[in-house]
Amino acid sequence: MTDTIFAAATAAGRAAVAVVRVSGPKTAMTVGAIAGHVPPARSAALRKLFDAEGRPIDSGLVLWFEGPASYTGEDAAEFHVHGGPAVIEALVAALAGLGLRLAEPGEFTRRAFENGKLDLAQAEAVADLIDAETQAQRAQALEQLGGRLSAVQARWRAALTEALAMFEAAVDFPDEEVPADIAARARPVLAALAEELEAAAADVSRGTIVREGYRIALLGAPNAGKSTLLNALAGRDAAIVTATPGTTRDVIEVPMVLAGYKLLLADTAGLRATTDEIEAEGVRRAHAWAEAADLRLWLVDGSAVELGEIPRQLQPGDLCVVTKRDLPENDAGWKAIEEAEKRGLPVAPVTAKSPNDMAWLKELLAERVVEALAGAEPPAATRLRHRELLTEAAARLRQALTEADRLELAAEDVRLAARALDRITGRIDPEAVLGKIFATFCIGK
């Protein structure tokens with residue numbers, strides 16, 4: 001990392017203030033060339049900024065961070081200037097003219113990782129914090145950035161080290177004065193740890209849903225009121241509503257925030273047999289989205305005569321929403337309530353025309369989301385990558401527990417479990433995931 005990099009850390013466009021960051025071995029020279037001289041470390045100094053030709057760029061604040069006491073662990077600086085595009089353009093041109101290189105996406109945080117300021121799990125949390133749209137996402141990302149997963153991983157790693165020492169003592173010093181049952185003492189530790197890793201892997205889905213959104217599918221026959229309900233819940237015309245059956249041909253996803261959590265509400269094609277190729281594809285996509293959804297709302301027009309197709313994806317705990325309750329109830333509404341009771345589905349009669357009904361339904365959905373995602377404590381692991389490595393480590397420990405008479409093999413399985421855990425925080429083999437992780441960052445972070 002011999003290059004000195006720079007990038008605007010604030011969004012492009014007109015603003016009151018913009019921040020340009022610099023990091024690398026030429027930072028002190030750069031600050032001196034543009035601002036006259038390096039200010040005291042970690043103090044803001046008001047300076048006039050000039051380019052290499054001595055032409056004024058702006059008057060702004062300069063902050064100097066001497067490595068390793070900086071975000072990246074290198075010498076670093078920030079220029080806080082007026083946020084006009086012309087000011088930023090002039091400052092960027094001056095930095096490039098001094099031989100600095102524009103940073104790649106996530107390069108500041110990657111340098112922080114490579115200099116030991118963050119581990120890989122914390123670096124991922126930085127990206128999550130930048131992308132956070134809800135309070136739940138923000139809180140989860142802050143937990144990870146604060147080292148929650150890293151601390152738990154360190155505890156798991158310490159337990160594995162202790163168990164491995166017991167196995168190796170039994171293997172390497174069979175004739176020495178070590179307890180005869182020393183290897184057996186490690187087995188309860190490994191069994192308990194395997195259970196804990198499996199539980200953490202299972203809990204990853206909760207963290208993933210918090211980050212990506214709780215998925216709710218609206219299902220039902222054509223003209224059951226799915227698009228109308230979607231628009232009412234979203235508070236805008238996200239889907240086209242007509243009296244013509246089959247208007248919705250594709251899945252329409254609308255993001256929402258309820259109780260501090262992100263939701264993805266999906267309007268889907270009406271479920272029915274059709275010879276129309278486009279509508280049939282819409283029905284197929286509706287079924288696929290429903291399969292992956294966290295909650296399904298089965299919408300039934302309570303004023304209709306025919307019940308229509310019952311979604312095959314329905315599970316106990318899903319919701320039967322009997323729509324158009326402002327109209328006289330007919331056979332479809334009665335049959336839907338009867339079917340819902342058989343399947344263990346709560347019934348919610350509503351009309352999208354009633355603000356009170358919509359407020360009540362939102363509250364009901366919020367309760368479902370909180371019940372599903374708000375555990376006693378935030379999940380330790382939150383990404384698919386974490387789950388794969390936790391699952392691998394747990395499987396290695398389960399294998400080690402079967403090697404009762406082959407302690408060398410058991411010890412090797414414990415070592416492999418430890419390696420899997422180390423890859424979570426990037427202690428070993430980080431290169432395989434670094435590019436993928438930091439490519440998701442914005443430039444300047």
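The values are calculated or read from the model by the stated rules, or taken from the named source; none is laboratory data. Model, not experiment: these values are computed from the prediction. So basically every Cβ, Gly included, is an ideal-geometry build from the backbone, and we count neighbours across all protein chains shown.
If only one of 151, 158, 52, 139 is aliphatic (A, V, I, L, M), surrounded by fewer than 17 Cβ atoms within 10 Å (Cβ to Cβ), modelled with pLDDT under 95 and more than 30 Å from residue 385 (Cα to Cα), which one is it? If you could, list the steps in order and put the result at the bottom.
Numbers: 151 fails: more than 30 Å from residue 385 (Cα to Cα); 158 fails: more than 30 Å from residue 385 (Cα to Cα); 139 fails: more than 30 Å from residue 385 (Cα to Cα).
The conditions single out 52.
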Sole exception among (1) touching a helix residue (DSSP H, G or I) at 6+ places or on another chain (Cβ under 8 Å); (2) surrounded by fewer than 22 Cβ atoms within 10 Å (Cβ to Cβ); (3) in a helix (DSSP H, G or I) for residue 356, by number
(1)
For the range 362-445, give me every one of the helices (runs of 4 or more DSSP H) that falls completely inside it and has 2 or more residues that are modelled with pLDDT of 90 or more.
384-402, 407-425
Identify the residue in the range 1-41 that is more than 11 Å from residue 78 (Cβ to Cβ) and of a type in the set (D, E, K, R) and, among all such residues, is surrounded by the most Cβ atoms within 10 Å (Cβ to Cβ).
26
Output for Cβ contacts, cut-off 8 Å, separation at least six or different chains, first residue surrounded by 15 or more Cβ atoms within 10 Å (Cβ to Cβ) in the range 371-390, second small (Gly, Ala, Ser) and assigned to a loop (DSSP other than H, G, I, E, B), reads 387/381; 390/381
Checking residue 82 against (1) outside any strand (DSSP E or B); (2) in contact (Cβ under 8 Å) with a residue 40 or more places away in the chain; (3) farther than 24 Å from residue 127 by Cβ; (4) not β-branched (Val, Ile, Thr), the condition it does not meet
(1)
Options 104, 124, 89: the member that is acidic (Asp, Glu) and touching a strand residue (DSSP E or B) at 6+ places or on another chain (Cβ under 9 Å):
104
Can you pull out the residues in the range 71-91 that are surrounded by fewer than 23 Cβ atoms within 10 Å (Cβ to Cβ), closer than 18 Å to residue 107 by Cβ and not aromatic (Phe, Trp, Tyr)?
73, 78
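I want to confirm something. Restricting to the range 375-396 and keeping residues that are in contact with a Gly (Cβ under 9 Å, 6 or more places away or on another chain) and of a type in the set (A, V, I, L, M), which single residue is farthest from residue 264 (Cα to Cα)?
Let us first name the residues in the range 375-396 that are in contact with a Gly (Cβ under 9 Å, 6 or more places away or on another chain), namely 378-383, 386.
With of a type in the set (A, V, I, L, M) added as a condition, the list becomes 380-381.
Working: 380: 24, 381: 22 Å.
In this case the residue turns out to be 380.
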